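Accompanying notes for the structure given below.
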Amino acid sequence: MRTRSLYVIVLALVALLFTAPAASAHTELESSSPKSGAHLRHPPKEVTLTFSEPVDPADLHVTLGGDELALAQEKSRDTVAVAVPKRKTEKAGSRLTLDWHVRSKGDGHPTSGSLSFALPAHAGSTDAHASAADGNTAPAVAPSAAVRTAWAVARWVGYLALALYVGGLAFLAMLWPQGTRERRTRHILAASWVAGLLATVAAAGLQGAYGAMGSIRDAFKASTYVDLLGTEVGVALACRALLWVLAAVVLAALLQNGERAARSPGWRVGAAVVCLGLLRTTGMAGHNSEGSHPGWGAVADLVHLLGISLWLGGLTLLLAGVLPRRRPDEMKTAVSGYSVLAGVSVAAIAAAGTVLTWQVVGSFDALFSTGYGQLLLVKLALLAGVLLIAQRSRGWVRTRLDIAVLLRGDRATVRPFVYSVAAETGLVLVVLAATSLLVTAAPGR
């Protein structure tokens with residue numbers, strides 16, 4: 001029955017991709033006045049830039065020959081006027097080139113480009129970009145590759161920490177309360193909290209530096225954090241950091257009171273609220289708000305992250321906590337219960353992934369013609385490999401779990417399942433790495 005449902009979801013994904021409208025990718029320059037490549041009789045006093053979404057002048061930088069120009073917001077919030085200083089030139093056929101870069105208010109990603117205008121012989125520009133080709137709009141300034149790589153690593157650590165924390169707490173509360181006394185389980189949860197808080201702080205600095213096209217050094221400057229807090233994604237990151245602080249209270253109560261806390265309705269409600277907050281603020285820094293129905297994207301992103309967390313967090317505690325103990329009663333309850341939970345999680349991931357793909361990629365052609373779509377295909381291929389291994393694990397649960405329980409956790413009987421779970425966990429970590437790269441990539445390019 002579950003296999004048939006997955007087939008239906010896949011077919012729905014293909015149908016949506018064939019019929020969905022194209023989604024926009026961050027803040028893009030739609031037009032300028034004068035138009036780039038135009039032949040002007042005299043240097044313009046100002047140039048107006050119109051973007052695909054409202055722009056805050058504080059997030060836009062326009063330079064001429066390395067000097068930053070003054071900006072003024074027009075009545076329409078997506079249009080900005082750039083004051084161009086008067087320059088006398090002598091070189092015939094000279095050009096005026098303006099370089100710009102802007103940071104998206106939604107997710108902090110930068111976009112950049114150049115505008116080039118032909119001037120008459122008596123008004124040639126002395127700026128360093130006089131040789132730009134007619135009509136070209138190529139990026140003059142590009143984000144730092146080192147910053148982007150470091151940001152992707154920080155995002156990966158953040159996703160992993162989130163999955164281990166949220167999924168680990170859920171596994172203990174629903175399937176294995178006695179595991180709160182297990183030393184390895186406690187270490188995993190404590191390490192996930194530390195990594196989650198540090199990754200959030202590091203990702204904020206790196207995202208700010210990436211959006212401002214700065215260097216690694218800029219990621220550690222207080223001004224970078226201050227500037228980022230003026231954006232929507234900065235507020236979301238600040239809220240996430242505060243939620244990680246509250247998560248310490250939830251974790252401390254669990255470590256102190258053990259199984260009693262895991263079974264307590266009050267602790268479960270508190271843990272659920274904090275975990276949902278962490279999941280939501282993590283999704284707010286992604287691409288789910290870029291499509292035509294951001295509300296659907298937000299819900300799908302929450303479900304997607306929750307499914308991944310329940311899946312990976314449960315796998316980790318199963319591998320590091322339940323299976324090494326090989327206690328028949330724990331194996332029967334935790335392994336069989338997790339098999340059902342994992343099946344539901346995978347179905348939720350597939351359904352939410354369908355919505356997110358439609359929301360962000362926007363069209364079937366974009367899967368193959370853009371870097372974002374190609375990276376998404378790699379992620380889907382990895383996920384397919386994980387599902388094949390997971391199916392093998394589920395087969396062991398159906399046919400060998402009862403035997404393993406009767407043999408009181410016989411090592412030889414349990415070993416194939418341990419290998420299968422370990423391989424499944426390793427591939428899910430690779431899928432998380434692909435997800436981190438997708439977040440730092442621009443869809444539709």
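Miscellaneous remarks
- Any hit, segment 201-224, residues being under 19 Å from the mean Cα position of the chain (by Cα), more than 20 Å from Thr149 (Cβ to Cβ) and crowded, with 21+ Cβ neighbours inside 10 Å: no
- Of all residues in segment 159-190, those satisfying the criterion of being of a type in the set (Lys, Arg) and in contact (Cβ under 8 Å) with a residue 12 or more places away in the chain are Arg181, Arg184, Arg186.
- Taken as a whole, the condition of being surrounded by 12 or more Cβ atoms within 10 Å (Cβ to Cβ) and either at pLDDT 50 or above or among the hydroxyl-bearing types (Ser, Thr, Tyr) (or both) applies to Glu28.
- A Cβ distance below 9 Å, combined with a sequence gap of six or more or placement on separate chains, defines the contacts here; from segment 344-359, residues that are under 14 Å from Leu380 (Cβ atoms) reach residues that are part of a helix (DSSP H, G or I) and among the basic types (Lys, Arg) in the pairs Val346/Arg2.
- Of the criteria (1) over 21 Å from Ile188 (Cβ atoms); (2) surrounded by fewer than 23 Cβ atoms within 10 Å (Cβ to Cβ), which one Thr333 fails: (1)
- Residue under evaluation Phe18, criteria (1) at pLDDT 80 or above; (2) outside any loop (DSSP other than H, G, I, E, B); (3) over 22 Å from Gly211 (Cα atoms), criterion not met: (1)
The values are calculated or read from the model by the stated rules, or taken from the named source; none is laboratory data. Bear in mind that the values here come from a model prediction, so they are computed numbers and not experimental data. Don't worry about glycine lacking a Cβ; one is built from the backbone with ideal geometry, like all the others, and counts go over all protein chains shown.
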